Amino acid sequence: MPTPILPHLRRFLGRAGLTVMVMSAPSVASAVDLLQIYFDALANDARYAAARAQYDADQEKVVQGRSLLLPTVAASAGASRNDDDIRNTGGTKADRRYSSSNYALQLSAPLFRPQNWRQYQENALRTELGKSIFIQETQALILRTAQAYFDVLNARDALSAIAQLRTAAGEQLELARTSFQVGTVTITDVHEAQSRFDLASAQEIAARNTLDVAHETLARIIGHTPEELAGLKPGVALSRPEPGDIAAWVDAAEKGDLGVQAQTLLREIAVRTLERERAGHLPTLDLLASHGRSRNPSMSVERSDNNTVGLQLDIPLYQGGAVSSRTREAAALRIKADADLEEARRAAALAAREAYLGVTSGMAQVRALEAAQVSSASSLEANRLGYKVGVRINIDVLNAQSQLADTMQQLARARYDTMLAQLRLKAAVGTLGEDDVRAINALIGTKPPQVSTTP
């Protein structure tokens with residue numbers, strides 16, 4: 001709201017028995033702001049914690065893929081106690097008791113395994129995909145937290161406006177009753193005032209319920225019941241997107257959107273998968289080396305050592321058609337990945353357009369509603385004065401009160417929606433981060449309006 005109109009608006013509303021919400025109280029340290037709530041969400045949001053654990057798990061993909069390119073070493077050992085009872089044909093017998101043992105070391109190193117190399121490349125891409133998804137979840141947390149925060153502020157503003165409307169309607173009802181008793185108005189005026197007071201009371205109950213639900217939604221994200229939230233600073237001014245060209249934002253979204261980046265990685269993974277399945281027809285070559293030793297006193301050679309080094313070539317001839325089938329499946333999934341990538345680009349472009357227009361049209365709406373609020377306050381003052389001198393009827397005052405309360409709610413909602421659109425625009429191009437939260441948080445810092453907790 002531009003600063004020059006605030007004194008006039010406060011005077012108009014003060015005469016009408018209402019107050020300007022954004023001027024309700026100075027800044028205090030007890031109210032938490034958006035940045036503090038965001039830090040609480042980082043520490044306590046269950047969905048974000050799950051995404052972080054998934055990210056840690058995805059970092060192991062590249063390690064598992066690299067292991068397919070490295071040698072493997074295995075060791076085995078055995079020991080036994082033998083008790084032989086030997087009976088010869090001549091009737092003699094001999095008993096022998098002895099121990100035998102053996103051990104072996106085996107090394108296998110892949111020399112030519114195209115499937116393993118493709119699997120390594122695929123796993124490396126999956127690690128990158130995990131990182132992209134985690135960043136996307138971080139941006140989603142910012143949006144969810146800001147949405148929940150502003151939903152609380154909006155619900156609180158709505159409750160404040162309706163509570164003030166209820167108070168004003170009650171004053172008008174008392175005035176109508178007094179005027180009826182002295183015979184200056186009809187009973188119809190009293191009934192109309194009573195109807196508006198009852199309607200405002202019902203709206204207040206619904207507004208309190210909406211505020212409670214908004215608090216619980218925010219508590220689900222931050223893990224505890226939120227404290228009092230700081231509201232917008234007086235005379236807050238919203239900035240236009242830079243650059244001011246929607247085409248530039250759309251182009252940036254088609255390239256930088258995290259959903260597009262994730263689908264690009266998925267397409268690359270599909271390509272590597274297809275190459276890996278095709279490699280199933282190729283031979284493999286491994287280097288094999290082993291060393292073994294055995295001890296057996298029952299034999300003429302009590303100890304023997306064995307060392308071997310060699311190459312092993314495997315040539316797949318026929319595998320029941322499985323390799324060909326998996327190759328056709330991978331080829332179809334690559335085509336699907338191409339289509340998914342194109343859809344992601346279109347979705348990113350649409351999201352950028354919607355967010356950009358949300359900011360620009362939202363700012364225009366805020367300016368219009370600020371002017372409408374001043375006009376509504378003037379109209380209410382004029383109608384109250386006209387009612388006192390007899391040139392306006394009771395319903396005119398009641399309508400003016402309702403119009404002002406509705407305009408105040410629309411203005412608050414328009415401000416919050418515009419700030420959310422600013423964050424969504426940054427998310428659409430993949431650049432949303434903590435700095436953007438701090439920029440929005442700079443617009444916040446006033447104590448919340450005092451709203452009674454009882455009807």
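Nothing in this text is a laboratory measurement; each read-out follows from the coordinates by a stated rule. Everything numeric here is computed off the predicted structure, so don't read it as measured data. Neighbour counts run over all protein chains shown; Cβ positions are idealised from the backbone, glycine included.
Here are some notes:
- Shown for K131, K255: other C-beta atoms within 10 Å of each C-beta, ranked fewest to most, produce the order K255, K131.
- For the peptides 307-317, 138-148, 383-393, the ranking by mean Cβ contacts within 10 Å, running from highest to lowest, is 138-148, 383-393, 307-317.
- Using Cβ point charges alone (K and R +1, D and E -1), the dipole size of the range 106-216 about the Cα centre works out to roughly 800 debye.
- Members of K233/K426; K61/K131; K255/K426; K61/K255 lying beyond 21 Å, as alpha-carbon distances in this model show: K233/K426; K61/K255
- Shape class for the range 232-381, computed from the alpha carbon gyration tensor (a ≥ b ≥ c): prolate, with a/c not under 1.5 and a/b above b/c.
- For the range 69-77, 3J(HN,Hα) per residue [Karplus equation, 6.51 cos²θ - 1.76 cosθ + 1.60, θ = phi - 60°, Hz, x = Gly/Pro]: 9, 9, x, 10, 10, 10, 10, 9, 8
- If you sort the three axes of the alpha carbon gyration tensor as a ≥ b ≥ c, you get a/c of 1.5 or more for the chain and a/b above b/c, which makes it prolate.
- Pairwise centroid distance, computed over Cα atoms, of the range 187-241 with the range 416-446, Å: 23 Å
- Dipole in debye (nearest 20) - the chain, about Cα centre, beta carbon charges: Lys, Arg +1; Asp, Glu -1: 620 debye
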